[in-house]
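The values are calculated or read from the model by the stated rules, or taken from the named source; none is laboratory data. Given the structure is predicted, the values throughout are model-derived calculations rather than measurements. Here the Cβ positions follow ideal geometry from the backbone for every residue, glycine too, while neighbour counts run over all protein chains shown. When the accessible area is computed, the model is the full protein with side chains, heavy atoms only, and any ligands, DNA or RNA have been set aside. Shrake-Rupley method; radii C 1.70, N 1.55, O 1.52, S 1.80 Å.
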Amino acid sequence: LDLTGATINVMVLAGLVILVLLGLHMVIMHLDAIISVFNPAGGEPVSWANVAARGRMLFFPVTYIILLGAALFHGLYGLRNILFELNPPSVLKRVLGALILIVGIGLFAYGTWAAVASFRLAQALQGL
């Protein structure tokens, strides 16, 4: 395993980012009676008016992309380490590493596209 100090620090940082952003999600979605700043229409956080209002805020697609990157790195690097603990041959390690990297980049690109597209759609539908 190549668990250098820098890699461990990035894993911990990714975990902290996940903790903070998922904590923020829990506050927005489940403590709406106390903190309603992200639910400007009032009522349920999942009501269309609140979903559309949050969709128009740049803060949300940015945090979705950051969360996506942190979760993908944290999860896929963890998976890579678990697979490498099985001590596969060097060739298989390189193949697994490349495959996980390609899958991660692909999922990040797709998720980023979805976050940006939903933000643009919400902006376009604002006047309707």
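For every helix of n ≥ 4 consecutive DSSP H residues, a contribution of -39,500 (n - 2.57) applies; sum these over the chain, divide by its total residues, and give [θ] at 222 nm rounded to the nearest 500 deg cm²/dmol. Write out the running numbers ahead of the final one.
Details: 4 runs with 96 residues, N = 128.
Result for the chain, helices only: -26500 deg cm²/dmol.
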*On a 0 to 90° scale, report how tilted helix 5-30 is relative to the longest principal axis of the chain, with both axes built from alpha carbons and the result rounded to the nearest 10.*
20
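What accessible area per residue comes out for the chain, rounded to a whole number of Å², with a 1.4 Å probe?
Numbers: 8360 Å² over 128 residues.
Result: 65 Å² per residue.
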_Taking a cut-off of 22 Å, what percent of all Cα-Cα pairs in the stretch 24-128 are separated by more than that?_
49
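Taking the Cα centre of the chain as the origin, how large is its charge dipole in debye, to the nearest 20, when only Lys and Arg (+1) and Asp and Glu (-1) carry charge on their Cβ atoms?
On the way: 6 positive and 4 negative charges, 61 e Å.
The dipole of the chain has a size of about 300 debye.
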*Of all the accessible heavy-atom surface of the stretch 78-123, with the other protein chains kept in place and a 1.4 Å probe, what percent is carbon and sulfur?*
75
*At GLN123 and ARG94, where each label point lies 7 Å from the Cα along Cα→Cβ, what is the point-to-point distance in nanometres?*
4.4
*Against the longest alpha carbon principal axis of the chain, how many degrees, from 0 to 90 and to the nearest 10, is the axis of helix 59-85 turned?*
20
_Nearest-ten-degree value, helix 90-124 long axis tilted from longest Cα axis of the chain_ = 10
